[in-house]
Structure formats: C-alpha cells, structure tokens
Amino acid sequence: MDQRRSPSASERKRDPERTRARIIEAAAAEFGAKGYAAARTSDIAARAGVNKQLISYYFGGKEGLYKELATSWHGTAAEMASQEQPLDAVLASFVATTLTDHGRVWAWSNLADDSPSTDQEFLRAQVDQLRDRQAAGELPADLDPGLLLLTLMAAAAAPLTLRQTARQITGEDPGTREFAEKYAAQLALLVRHLSGRT
C-alpha cells in the first residue's frame, strides 16, 4: 500500500512573496553570470526551482524581471549612498558590491550595452546628492558632479571590471573580500584627500 498522501490545502498554497524573491535572486545570478542577452528565463526558473510561466505571471517576462531586479537594487544602493554617510564610507560599500551578483549584473549591462535602460532616474539622484555634498563643503566646488560620479563608480568597480589588470598590478586576487576591503580603504583615503579631510 502506498504511504504517500496528497498535500493539504495549506501545503499547496503558494507563498508569492517568497517565490518572487527566489526568482529575483536566481535572476541576479543568471544575469550576473551571462549578461542580459544570454540569460534565459528557463535557466532562471530552473535555478529558482519554479515553473517558467511564473516569471511571466509575476514580472511580465525577462525584461520586466530585469527591471524589477534593477528597482530592488536601486533601493539598496540608495541606502548605501545616504547623505548621512561620509562619501568614503559610501564608496567602500560600493566596492563591496563587486563581490556580488548585483555588481556583475551592473558590469554586464555596461560592457554588453544590451539590457533595458533602468538606471537614469537613480543616477540623476546620485548626481544631485554629490551636488549637495559640494554645497556642504564635502567636495571641491570646481568638480563636475556628474563626471565625478562616473569617476567614482569606475573606481569602485575596478576590482570587478579590471580583474586581470588588478591581479597583475597587485599580485592578489581582486575577487576576495580581503582585497575588496584593502582596496576600499585606499579609495576612501583618496576621497578624504579630495575632500581635504586627511
């Protein structure tokens, strides 16, 4: 006699928030590993352990899922870039993201230039925050805040986007937490020099 039983109604009930979160986490891993164009919804669904149709149901497809991932990242990044944090601490937080799937997704989107545009509003807000930091005297007034943001983002991403070069220069593995912490400390020192807080 078969001892298996049918699951109860409560066991069959879906947890939509948990399912959405698993899909988003799987999407970050897939987009981070392959880029937007090469990532497949079937692979994302398999990684999340869900039916592929749920991606369409919850997000409207691959592009909607990518945009949802970007939106969730913007919330995290906005907290990291808070005006309450000194700029050197903000930069250290962004260096730490080079070790994450989100960092790789961002790098792919810039290198391949094939993903949906999702960052303009967020980035404009970051430029405004740098402008506010200038007005408060935290940064020299003669720097263009937009170009400064671009420079700082490129610097923070260097352990990820210049991994081979970083390894050759330093003899260390830029994909480790130890390297990220060491690099972030040097970048923070550079920013403190820039702001005259050394």
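The values are calculated or read from the model by the stated rules, or taken from the named source; none is laboratory data. Just so we're clear, the structure is a prediction, and the values are computed from it rather than from any experiment. Here the Cβ is made from the backbone with ideal geometry for all residues, glycine too, and neighbour counts use every protein chain on show. Ligands, DNA and RNA are excluded from the accessible area calculation, which covers all protein heavy atoms including side chains. Shrake-Rupley method; radii C 1.70, N 1.55, O 1.52, S 1.80 Å.
Output yes when any residue across region 40-58 is at pLDDT 95 or above and in a loop (DSSP other than H, G, I, E, B), and no when none is. Yes, the conditions are met somewhere in region 40-58. Among the candidates Ser109, Ser93, Ser117, the residue that is within 17 Å of the chain's Cα centre (by Cα), of a type in the set (Gly, Ala, Ser) and over 24 Å from Ala38 (Cβ atoms) is uniquely Ser93. Check region 163-180 and report whether any residue there is surrounded by fewer than 12 Cβ atoms within 10 Å (Cβ to Cβ) and closer than 24 Å to Gly75 by Cβ. Yes, region 163-180 has at least one match.
Restricting attention to region 26-53, the residues that are over 18 Å from the mean Cα position of the chain (by Cα), surrounded by fewer than 19 Cβ atoms within 10 Å (Cβ to Cβ) and hydrophobic (A, V, I, L, M, F, W, C) add up to 2. Restricting the first member to region 167-195 and to residues that are closer than 18 Å to Leu130 by Cβ and modelled with pLDDT under 95, and the second to residues that are among the charged types (D, E, K, R) and in a helix (DSSP H, G or I), the beta-carbon pairs closer than 9 Å and six or more apart or on different chains are Leu187/Asp88; Ala188/Asp88; Leu190/Asp88; Val191/Asp88; Arg192/Asp88; Ser195/Asp88; Ser195/Arg133. Within the set Leu99, Leu111, the sole residue that is farther than 16 Å from Ala188 by Cα, aliphatic (A, V, I, L, M) and buried (at least 17 other Cβ atoms within 10 Å of the Cβ) turns out to be Leu99.
Being of a type in the set (S, T, N, Q) and within 16 Å of Ala89 (Cα to Cα) narrows it down to one residue among Gln186, Gln164, Gln134, Gln168; which is it? After applying the criteria, what remains is Gln186.
Tell me whether region 75-85 contains one or more residues that are crowded, with 17+ Cβ neighbours inside 10 Å, part of a helix (DSSP H, G or I), among the small types (Gly, Ala, Ser) and modelled with pLDDT under 90. Yes, some residue in region 75-85 is crowded, with 17+ Cβ neighbours inside 10 Å, part of a helix (DSSP H, G or I), among the small types (Gly, Ala, Ser) and modelled with pLDDT under 90.
Would you say Thr151 is of a type in the set (Ser, Thr, Tyr), open to solvent by 80 Å² or more (accessible area, probe 1.4 Å) and free of Cβ contacts under 8 Å to residues at least 60 places away in the same chain? Spelling it out, Thr151 is indeed of a type in the set (Ser, Thr, Tyr), open to solvent by 80 Å² or more (accessible area, probe 1.4 Å) and free of Cβ contacts under 8 Å to residues at least 60 places away in the same chain. The C-beta contact set for region 74-89 (first residue on the phi < 0 side of the Ramachandran plot and among the charged types (D, E, K, R), second residue open to solvent by 40 Å² or more (accessible area, probe 1.4 Å) and assigned to a helix (DSSP H, G or I), distance under 8 angstrom, 6+ apart or interchain) comprises Asp88/Leu189; Asp88/Arg192. Within region 59-74, the set of residues being surrounded by fewer than 17 Cβ atoms within 10 Å (Cβ to Cβ) and over 11 Å from the mean Cα position of the chain (by Cα) comprises Gly60, Gly61, Glu63, Gly64, Lys67.
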